[in-house]
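Asks: This is the structure, below, for whatever I ask next.
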Amino acid sequence: MSKADQIKSSYDNAKSVFSEMGIDTEVVMQQLNDISVSMHCWQGDDVSGFENPEGELTGGIQTTGNYPGKATTPEQLRADIDVAMSMIPGALRLNLHAIYLESDEYVERDQIKPEHFENWVQWAKKQKVGLDFNPSCFSHEMSADNMTLSHPKEEVREFWIRHCIASRKVSEYFGKELGTPSVMNIWVPDGYKDVPADRLAPRKRLMESLDKIIAEPISKKYHKDAVESKLFGIGTEAYTAGSNEFYMGYAASRDVMLCLDSGHFHPTEVISDKISSASLYVNEMLLHVSRPIRWDSDHVVMLDDETQAIANEIIRHDLLDRVSIGLDFFDASINRIAAWVIGTRNMKKALMRALLEPTDQLRTLENDGDFTSRLALLEESKSLPWSAVWDYYCFKQDVPVGASWLDQVKQYEEEVLLKR
């Protein structure tokens with residue numbers, strides 16, 4: 001039996017199993033195909049960007065490792081992204097930071113324009129993917145003390161306000177050119193290393209700065225604003241102005257998207273449990289799916305309990321039209337393309353498993369108070385043959401099945417990455 005016949009035979013058996021539970025695997029594959037996951041460009045070059053590639057990361061951001069083959073030019077980065085995307089099934093987007101602009105001369109952050117990202121737009125049109133965006137409020141002389149939009153000095157705040165306003169114009173440009181709204185996420189590293197005397201004033205300044213940034217209306221047909229909290233960072237261990245409570249209130253009161261990053265909370269907190277609560281108060285959410293190990297260390301996403309729980313919450317509560325899914329990790333200790341493929345495929349796998357869950361049966365048992373059967377069905381559903389559906393889905397999408405993609409990555413590493 002050929003490999004293709006084996007994949008099809010396993011799928012047919014799985015299809016029958018799920019059909020007995022009232023789940024149509026053909027419908028599930030089509031649903032999954034329509035769910036976009038936004039890959040992050042900064043995995044490919046360790047968050048260096050092209051403004052000043054030799055610049056040092058600041059603002060609580062670190063990348064560790066020196067695996068060979070890091071992209072050092074826009075052309076190399078786009079080529080690497082092409083390779084990664086060719087191994088991932090379904091709809092994809094690409095998330096850019098402002099420092100990934102392209103210009104023959106230095107462009108100050110508050111002077112970035114759509115023209116500096118024209119090559120990315122042309123690439124996106126060719127690849128038929130949408131683009132998302134982020135102002136880069138870190139690794140700059142004006143962010144050296146870990147204060148930007150909440151800085152006590154007006155001239156510093158105004159600089160970053162101008163940068164974020166310019167970034168909104170870039171994001172709007174993406175949406176108009178590509179026919180899909182660009183989600184622009186604002187995260188700032190603002191905070192203190194030690195206990196502050198005044199917790200309120202920085203938050204008032206941050207709120208006022210954000211209000212200035214979003215003052216000009218932009219159609220959500222092209223651009224969507226998002227704001228992202230953080231518990232702490234390197235250099236801001238004691239206090240961050242942009243806490244979860246701050247941004248929850250801000251997003252709800254200003255009708256902007258709330259970004260929940262799975263690495264930005266206490267090690268015992270998870271964002272999966274926050275999604276349903278936040279959905280009651282904010283119209284839309286952005287998720288940054290990452291994997292923290294004791295702190296916001298942005299490890300490659302695994303198909304672990306929390307990744308699965310995030311996917312389950314989105315699917316169980318029918319939030320696909322209100323939640324945008326993005327990834328945020330950067331590991332320089334392994335092949336960077338492999339990191340993209342592993343993390344993005346795992347997010348897609350989690351979504352497929354969630355779509356294949358017998359949610360209606362589980363909800364009925366719960367409402368009937370039959371918690372014994374609910375637990376039993378939840379546990380039994382974990383061993384259902386979802387992987388056979390995943391393999392068949394990859395086969396139909398003409399992307400590598402199983403771990404066969406790794407051979408292609410290794411070949412690309414030998415022929416391209418190791419020669420850089």
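Asks: Between their Cα atoms, which of Lys176/Lys348; Lys113/Lys224; Lys3/Lys382; Lys153/Lys204 are more than 23 Å away from each other?
Replies: Beyond 23 Å between Cα atoms: Lys176/Lys348; Lys3/Lys382.
Asks: Could you sort out which of Lys128/Lys220; Lys193/Lys349; Lys15/Lys349 sit more than 27 Å apart by Cα distance in this structure?
Replies: Pairs exceeding 27 Å: Lys193/Lys349.
Asks: In which sequence would Asp80, Asp321 go, from the one with the fewest C-beta neighbours within 10 Å to the one with the most?
Replies: Ordered by Cβ neighbours within 10 Å, fewest first: Asp321, Asp80.
Asks: Hydropathy at least -1.0 by Kyte-Doolittle, axial extent at least 18 angstrom from the Cα trace: which helices of the chain, defined as entire DSSP H runs, fit?
Replies: The qualifying helices are 154-178, 200-213, 336-355.
Asks: Moving on to the next point. How far is it, in nm, from the label point at Lys410 to the one at Glu379 when both lie 7 Å from their Cα along the line to the Cβ?
Replies: 3.9
Asks: Using 0.36 nm per residue, how much length does the chain from Ser103 to Gln397 gain when fully extended, once their Cα-Cα distance is taken away?
Replies: 102.2 nm
Asks: Now, a different point. Given a Förster distance of 22 angstrom, what is the FRET efficiency for Asp304 paired with Gln62, based on the Cβ-Cβ distance and rounded to 0.05?
Replies: Efficiency, from the Cβ-Cβ distance: 0.50.
Asks: Could you work out the local net charge near Ser143, counting Lys and Arg as +1, Asp and Glu as -1, over the other residues with Cβ closer than 10 Å to its Cβ?
Replies: Net charge around Ser143: -2.
Asks: Take every Cα pair under 8 Å in the chain that's 6+ residues apart, average their separations, divide by the length, and report that relative contact order as a whole percent.
Replies: Dividing the mean separation by the residue count of the chain yields 20 percent.
Asks: Next question, about the same structure. Using a 10 Å cut-off around each Cβ, can you sort Thr268, Thr344 from fewest to most neighbouring Cβ atoms?
Replies: Ascending number of Cβ neighbours within 10 Å: Thr268, Thr344.
Asks: In the stretch 186-243, with Lys and Arg counted as +1 and Asp and Glu as -1 at Cβ, which of these residues, Gly242, Ala197, Phe232, has the Cα nearest the positive end of the dipole, that is, farthest along it?
Replies: Gly242
Asks: While we're on this one: Using the Cα centre of the stretch 35-359 as the reference point, and only Cβ charges (+1 on K/R, -1 on D/E), how large is the resulting charge dipole? Debye, rounded to the nearest 20.
Replies: 920
Asks: Under a 5 Å amide H to amide H cut-off, with H placed in plane at 1.01 Å, what residues pair with Phe133 once short-range neighbours are removed?
Replies: Under 5 Å from the amide H of Phe133 lie the amide H atoms of Leu96, Val183, Met184, Asn185, each far enough along the sequence or on another chain.
Asks: Shifting gears a bit: Work out the length of the dipole vector of the stretch 167-206 about its Cα centre, built from +1 on the beta-carbon of each Lys and Arg and -1 on the beta-carbon of each Asp and Glu, and round it to the nearest 20 debye.
Replies: Charge dipole of the stretch 167-206: 160 debye, to the nearest 20.
Asks: Which order results if Asp370, Asp45, Asp5 are arranged by neighbouring Cβ count within 10 Å, fewest first?
Replies: Asp5, Asp370, Asp45
Asks: Collect residues whose amide H, placed 1.01 Å from N in the peptide plane, falls under 5 Å from the amide H of Leu92; neighbours closer than 5 in sequence don't count.
Replies: Correct list: Val37.
Asks: Ignoring solvent entirely, what values of log10 I(q)/I(0) come out of the Debye formula for the chain at 0.10, 0.13 Å⁻¹ when each Cα is a single scatterer?
Replies: -0.70, -1.16
Asks: Here's another thing I want to ask about it. Taking only C-alpha pairs under 8 Å that are 6+ residues apart, what is the relative contact order of the stretch 188-330 in percent?
Replies: Once divided by the residue count of the stretch 188-330, the mean separation gives 21 percent.
Asks: What does the charge dipole of the stretch 168-306 about its Cα centre add up to, to the nearest 20 debye, if the Cβ of each Lys and Arg holds +1 and the Cβ of each Asp and Glu holds -1?
Replies: It works out to roughly 500 debye.
Asks: Gap in Å between the Cα centre of the stretch 393-420 and the Cα centre of the stretch 287-315?
Replies: Rounded to whole Å, the Cα centres lie 24 Å apart.
Asks: Restricting the count to DSSP beta bridges whose residues both fall in the stretch 35-359, what percent are antiparallel, rounded to a multiple of 5?
Replies: Around 10 percent of the beta bridges assigned by DSSP in the stretch 35-359 are antiparallel ones.
Asks: So for the pair Ala197, Asp211, with labels modelled 7 Å out along Cα→Cβ, what separation do we get in nm?
Replies: 2.6
Asks: For the chain, build the charge dipole from Cβ charges (+1 Lys, Arg; -1 Asp, Glu) around the Cα centre, then report which of His116, Ala278, Leu417 sits farthest towards its positive end.
Replies: His116
All of the numbers you see were taken from the coordinates with simple rules; none came from a lab. Computed from a predicted structure; not experimentally measured. FYI the Cβ positions are ideal-geometry reconstructions off the backbone, even for glycines, and counts take in every protein chain you see.
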